[in-house]
Structures are given as C-alpha cells and as structure tokens.
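The values are calculated or read from the model by the stated rules, or taken from the named source; none is laboratory data. The model shown is predicted, which means the values in this text are computed figures rather than measured ones. Ideal geometry is used to build each Cβ from the backbone, glycine not excepted, and the neighbour counts take in all protein chains shown.
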Ligand SMILES: Cc1cc2nc3c(=O)[nH]c(=O)nc-3n(C[C@H](O)[C@H](O)[C@H](O)COP(=O)(O)O)c2cc1C
C-alpha cells in the first residue's frame, strides 16, 4: 500500500468537507507531491470537433478544484485534463454546512455545496499564472445565486477565462442553485446560448479556437434531450456536451444513512443513468458534437462503457473520495493492459473490440 493509499484512508476519518480541504491544502503546499509520468501514446485522443488533444481520455470533473488551486498537481497524478470551477463572477459562500456527505456503503456522494467559490478575479489570476506546459486545464463557469441577470454572469465568465484555459464549460446543471437547471429549457437555453455565442464570436477575433462545452443534468426525459440537442446543434461555436452532472434521484438501492440528504447524488449509483442519457444524446448528435461522459466512473470497465455509449473522453470525481488520487494511474494501467491483450492501437479501437 502506498503512502497515498494510507493518506486516503486516514483522511476519510475527517468529515467530508474537512477531508476535501485537507487534501487541497496538502496538494497546494506540496505535502502530497505526485510524480508525473508520460502516458502510453495509445491512450491519447483528439476530440473530433473541437480538436482538443488529450494525452489520455480521463479528466478530473468540476467541483474538486473550484478555485483553480491544484490543477498542476492533479494533472501530475495522471489526469489527461483537469476542469476547475465552477466559478461565479462574484465570490459566494455556498450553502450552510454540512453540505457534503459520503455514502460509503453506496460508493456515492451527496453534495449541496451551492457554488461556494472565491470568484472570477482570483480564479483568472491563478489560471493566468499557470504554465501552459502543465497540461489541459478547462474552466467551468456558473452564475451567482443572487444574480439579477444570470445569463450576464455566464457571458462575463466566458470573457474572463477565455484567454487562460484550454476549454470552457457552461454549467447549467447544478441542482444546488435554485432555478439554474431551468436554463436547460428550450426557450431559456436559446437565449443563453444566443448571448454566449455573441460573446464567443467577439472573443474569437482576439484568441482563436477556445472549445466550449455545455454541461447537462442526467435528470432529463427524451423530449428534453431532443430539445437540448436541437438547440445546441444550431450553435456552430459550441463543441459539445458533458453528460452529466449529479442527479436529484434517490435510487431505492441506496443503503447509507445519508441517502435522504438534499443535493446532487454522484458516484456508483449514477453510472447507469448518466450513461443512458449519454447514449440518448449520442443517438441524436452522432459525431457532430464532442461528448464527454461523466457519472459513476471508478474502473476501466466504466470508462469503456462511456466510450461505447458515445463519449470520446470521460471525467470522474466521486471515486477519488473512496479510492484516492492514484486511481487514475490504475485505470490507465488497466486500459493499457487491455489494449495489449486485444492488440488495439487506440482507446477507441479498444472500446469497439
Ligand atoms: C462535491 C462535489 C462538488 C461538485 N461541484 C461541481 C461544480 O462545481 N460544477 C460542476 O459542473 N459539477 C460539479 N460536480 C459534479 C461533478 O463534476 C460530476 O459531474 C458528477 O459528480 C458525476 O461524476 P462522478 O460520479 O464521477 O462524481 C460536483 C460533484 C461533487 C461530488
């Protein structure tokens, strides 16, 4: 057992949010110092529409590094890309604690953090100070809870982070900011994307080629999926979708005492649902959009399931709570061993085999 495995177990004694803060501080101060390794070239993927080149298809999902404090160390742990945020224009404290719960029996997490973050100013300063060579860093943007014009918050976010990140994610799928998911409704989405599109065109004249993704919820019926796909396909500047954020569902199978907490559920119980929604989007958009799959990934099998459902890359977060940051190396080693066994020359070929 490595030092990181021991630390992962020790940190689990702490309440969930204190454990998270401790982990970020340990990474930030260099107490936990990962050793970067070069990926097997067969793990590399280039997203078809955006052209984003990833050394491997496994990304860190948003919410772990809300304030862009530890993107470098997380890339060094072996993630192919790291998405920091969600950041809102103004700092905000989020919901009262406790607001983060480990459902250990279910290998799941419930959170109702509510976009706690230090605001765009500090976020952008940190991003701009980061060496480009560290790797692919995306910025996930949101709206302040008390904003009078939430769409204006997204426009401000896009403009502020644009020069300093490899891609931008528009997050309209957090269940913890009341009304936010309403932006997924057809009319609201058209207005949102219309205004962000105008900002994107403006920015594109200064710094070109900044892929933008829309992050959606898994709690969507077939009509909502068809509407979102339709509206998104009409925007030529949007590269793709991240499917998905946390769910407000509470499957009957949940055993943990925390299962009744309000918030978004993530981790193992989200795998099947988020993969189904991903496949439903893929059935409509095919290769016209880049799809990034998230929700419940903890193993190489889970990664392959997302790729088979139409994802070109994936993200994970909750599994780190239970398995620690070395998980990403283990999943990659497993994928490489499977490519060896199958004689596959790429991860896409492995997924097809
Ligand atoms: C504690 C916590 C905080 C999160 N915060 C954000 C966030 O700020 N923005 C966002 O887009 N997603 C956020 N997410 C959702 C994750 O990025 C991811 O989409 C979701 O958890 C599903 O992946 P997982 O099952 O691997 O965790 C958060 C998830 C957790 C567990």
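Tally time: how many residues in region 108-129 are over 20 Å from residue 88 (Cβ atoms) and crowded, with 17+ Cβ neighbours inside 10 Å?
Of the residues in that region, 3 qualify.
Which of (1) in contact (Cβ under 8 Å) with a residue 60 or more places away in the chain; (2) outside any helix (DSSP H, G or I); (3) touching a strand residue (DSSP E or B) at 6+ places or on another chain (Cβ under 8 Å) does residue 170 not meet, given it meets every other one?
Failing condition for residue 170: (1).
Hey, any hits in region 99-115 for a residue that's away from the ligand (no atom under 12 Å from the Cβ), in contact (Cβ under 8 Å) with a residue 40 or more places away in the chain and in a loop (DSSP other than H, G, I, E, B)?
no
Evaluate the following for residue 85: is it within 11 Å of the ligand (Cβ to nearest atom) and in contact with a helix residue (DSSP H, G or I) (Cβ under 8 Å, 6 or more places away or on another chain)?
yes
Can residue 144 be described as at pLDDT 95 or above and closer than 21 Å to residue 313 by Cβ?
no
Could you list all residues from region 240-259 that are more than 16 Å from the ligand (Cβ to nearest atom) and in contact (Cβ under 8 Å) with a residue 24 or more places away in the chain?
Hit for region 240-259 is 255, nothing else.
If I ask for residues that are surrounded by fewer than 20 Cβ atoms within 10 Å (Cβ to Cβ) and assigned to a loop (DSSP other than H, G, I, E, B), which ones from region 33-54 would you list?
Listed by number, the residues that qualify are 33, 34, 35, 36, 37, 38, 39, 40, 44, 48, 49, 51.
With respect to residue 327, is the statement that it is modelled with pLDDT of 95 or more, touching a strand residue (DSSP E or B) at 6+ places or on another chain (Cβ under 7 Å) and within 11 Å of the ligand (Cβ to nearest atom) true?
When the stated conditions are applied, residue 327 does not pass them.
Determine which member of the set 285, 303, 232 is farther than 27 Å from residue 346 by Cα and under 21 Å from the mean Cα position of the chain (by Cα).
Just a single option satisfies the conditions, and that option is 232.
On the given criteria, is residue 156 within 25 Å of residue 238 (Cα to Cα) and in contact (Cβ under 8 Å) with a residue 40 or more places away in the chain?
So residue 156 passes the test.
From the list 72, 63, 85, which residue is part of a loop (DSSP other than H, G, I, E, B) and in contact (Cβ under 8 Å) with a residue 60 or more places away in the chain?
Criteria check complete, one pass: 63.
For region 237-260, indicate whether the set of residues that are modelled with pLDDT under 95, assigned to a loop (DSSP other than H, G, I, E, B) and either farther than 19 Å from residue 100 by Cβ or over 22 Å from the mean Cα position of the chain (by Cα) (or both) is non-empty.
Within region 237-260, one or more residues are modelled with pLDDT under 95, assigned to a loop (DSSP other than H, G, I, E, B) and either farther than 19 Å from residue 100 by Cβ or over 22 Å from the mean Cα position of the chain (by Cα) (or both).
Using the structure shown, decide if residue 332 is closer than 29 Å to residue 27 by Cβ, more than 15 Å from the ligand (Cβ to nearest atom) and part of a helix (DSSP H, G or I).
yes
Only one residue in 206, 166 is surrounded by fewer than 23 Cβ atoms within 10 Å (Cβ to Cβ) and modelled with pLDDT of 95 or more, so which one is that?
After applying the criteria, what remains is 166.
Is there a residue being within 13 Å of the ligand (Cβ to nearest atom), touching a strand residue (DSSP E or B) at 6+ places or on another chain (Cβ under 7 Å) and part of a helix (DSSP H, G or I) anywhere in region 199-212?
No, that holds for no residue.
For region 22-32, what are the residues that are assigned to a loop (DSSP other than H, G, I, E, B) and either on the phi < 0 side of the Ramachandran plot or modelled with pLDDT of 95 or more (or both)?
31, 32 - these are the residues of region 22-32 that are assigned to a loop (DSSP other than H, G, I, E, B) and either on the phi < 0 side of the Ramachandran plot or modelled with pLDDT of 95 or more (or both).
With free of Cβ contacts under 8 Å to residues at least 12 places away in the same chain and either within 16 Å of the ligand (Cβ to nearest atom) or buried (at least 19 other Cβ atoms within 10 Å of the Cβ) (or both) as the only criterion, which of 90, 21 stands out?
21
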